[in-house]
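Notes follow the structure.
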Amino acid sequence: METKIISVSEANLDPLGAAAQLLKNGGLVAFPTETVYGLGAVYNNPSSILQIFAVKGRPADNPLIVHIWRLEQLQELTDEVSAKAIRLIESFWPGPLTLIFRKKQIVSPVVSAGLDSIAVRMPAHPVAAKLLQLTGIPVAAPSANLSGRPSPTRGSHVILDLAGKIDLIIDAGPASNGIESTVLSTIHEPCVILRPGSVTKEMIEDVLHETVDISGNQTEDRPVAPGMKYRHYAPEAPLFLVEGDNGKVVSEINRLLAISPDRKAVVIGSTENIGRYHNEWVLDYGPRRAPEIIAARLYEILRFCDQLPIEIIYVEGVDTGGVGLAVVNRIRKAAGGNIIHVS
Ligand code: TXA
Ligand code: MG
């Protein structure tokens, strides 16, 4: 299949008319959002939705997020919007917060992977908002990467993963946040963060005036986002995350580099520490004190590793405050079980 690629900017949204038409006809369109690029299809066309799963190689038990551009569209998807959900919507929509609601019967179980709940988000990116407005139908969209790969933060990442497999890729430059939205269940009491993101636990608690839970691993008896159980966000080479006391992390990575000098490695670490690693390849993920910057760069750096002649990746741990929690969550997933703790 030939994939059309178009560049769109906020100043020229004209090409979006044709993109919306493609979606309405059942096509698959990759589009930018402020978090990561999404791979969209109208939510009410089950065969297009199935096509999304096929193209990504996505496990069938992993539900999709439905994207809307105005609040009225929420009524198509759910008729249970709690007072708490309304407060969160008022504070964070449009933006990088996905809310889980009870699903209306008419919404196809293909979208929700058989669950009786539905994930909904109103993206803030002007290109996404305009595309959704012109389409007029809510758009189901997972991140526009092959399953297991880092989410795309640039049009070029989508082209690498999906060109030849979908109808259209809309390139609008780098995504500003760089990691996927926070996923929050409003149908649990208290609310539960199923996937941390740039709307942080602290920000949500400030609005709700109560403590919210954070979902642990799928092994615990707590609700989870089905997608979080898979190894994810991963570059090709094995990735080792080294966490713990900052100074000791640097020494531990240097020790690991020294014990297998023939194994070509890359180190990914903070601006403050990159000068302290003894290795040919050292990549700077940003300052320790600015996890938003690390979030914005992370996936691009992980994808860049695939272009390096290396066999192993060592990543310096990040502090978990604020958006740091989401960053650590993604790096841990990319590491699979390869987490080394030094103290
Ligand atoms: O920022 C984002 O959220 C991006 C952009 C494109 O909007 N989308 C995205 O979608 O990251 P995806 O499919 O890669 O991740 C959706 C996550 C998965 O972990 C999935 O299991 C979870 O949300 N999810 C979706 N529907 C759910 C539901 N009904 N209950 C619990 N978790 C759900
Ligand atoms: Mg994804």
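Numerical summary
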item: Scope region 92-125; condition within 22 Å of residue 166 (Cα to Cα) and either more than 18 Å from the chain's Cα centre (by Cα) or within 16 Å of ligand 2 (Cβ to nearest atom) (or both); matching residues; result: 108, 110, 111, 112, 113, 123
item: Among (1) within 11 Å of ligand 1 (Cβ to nearest atom); (2) touching a residue at least 60 places away in the same chain (Cβ under 8 Å), the one test that residue 109 misses; result: (2)
item: Pairs where the first residue, in region 88-101, is touching a residue at least 24 places away in the same chain (Cβ under 8 Å) and the second is in a strand (DSSP E or B) and not hydrophobic (A, V, I, L, M, F, W, C), C-beta under 6 Å, 6+ apart; result: 97/182; 98/121; 100/117; 100/185
item: Scope region 223-251; condition within 16 Å of ligand 2 (Cβ to nearest atom) and of a type outside the set (Phe, Trp, Tyr); matching residues; result: 224, 225, 226, 227, 228, 229, 231, 232, 234, 235
item: Residue in region 196-203 that is out of contact with any helix residue (DSSP H, G or I) (no Cβ under 8 Å at 6 or more places or on another chain), within 16 Å of ligand 2 (Cβ to nearest atom) and among the charged types (D, E, K, R) present; result: no
item: Any hit, region 22-29, residues being at pLDDT 95 or above and touching a Phe, Trp or Tyr at 6+ places or on another chain (Cβ under 8 Å); result: no
item: Test: residue in region 148-168 that is within 11 Å of ligand 1 (Cβ to nearest atom) and hydroxyl-bearing (Ser, Thr, Tyr); result: yes
item: Odd one out for residue 210, checked against (1) surrounded by 20 or more Cβ atoms within 10 Å (Cβ to Cβ); (2) assigned to a loop (DSSP other than H, G, I, E, B); (3) assigned by TED's automatic domain parsing to the domain that holds residue 117; (4) not polar (S, T, N, Q); result: (1)
item: Condition check for residue 132: crowded, with 23+ Cβ neighbours inside 10 Å and within 16 Å of ligand 2 (Cβ to nearest atom); result: no
item: Candidate set: region 9-26, residues that are touching a Gly at 6+ places or on another chain (Cβ under 9 Å) and closer than 21 Å to residue 164 by Cα; chosen: the one farthest from ligand 1 (Cβ to nearest atom); result: 21
item: Failed item, numbered, when residue 141 is tested on (1) more than 13 Å from ligand 1 (Cβ to nearest atom); (2) small (Gly, Ala, Ser); (3) in contact with a His (Cβ under 6 Å, 6 or more places away or on another chain); result: (1)
item: Qualifying residues in region 170-186 (those that are within 12 Å of ligand 1 (Cβ to nearest atom) and part of a loop (DSSP other than H, G, I, E, B)) - the one nearest to the chain's Cα centre (by Cα); result: 180
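Here is a yes/no grid of residues against (1) among the aromatic types (Phe, Trp, Tyr); (2) surrounded by fewer than 22 Cβ atoms within 10 Å (Cβ to Cβ); (3) touching a Pro at 6+ places or on another chain (Cβ under 7 Å); (4) touching a residue at least 24 places away in the same chain (Cβ under 8 Å):
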| site | (1), (2), (3), (4) |
| --- | --- |
| 205 | no, yes, no, no |
| 237 | no, yes, no, yes |
| 242 | no, no, no, yes |
| 246 | no, yes, no, yes |
| 273 | no, yes, no, yes |
| 298 | no, no, no, yes |
| 302 | no, no, yes, yes |
| 318 | no, no, yes, yes |
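The values are calculated or read from the model by the stated rules, or taken from the named source; none is laboratory data. Just so it is clear, the model here is predicted, and its values are computed rather than measured. Ideal geometry is used to build each Cβ from the backbone, glycine not excepted, and the neighbour counts take in all protein chains shown.
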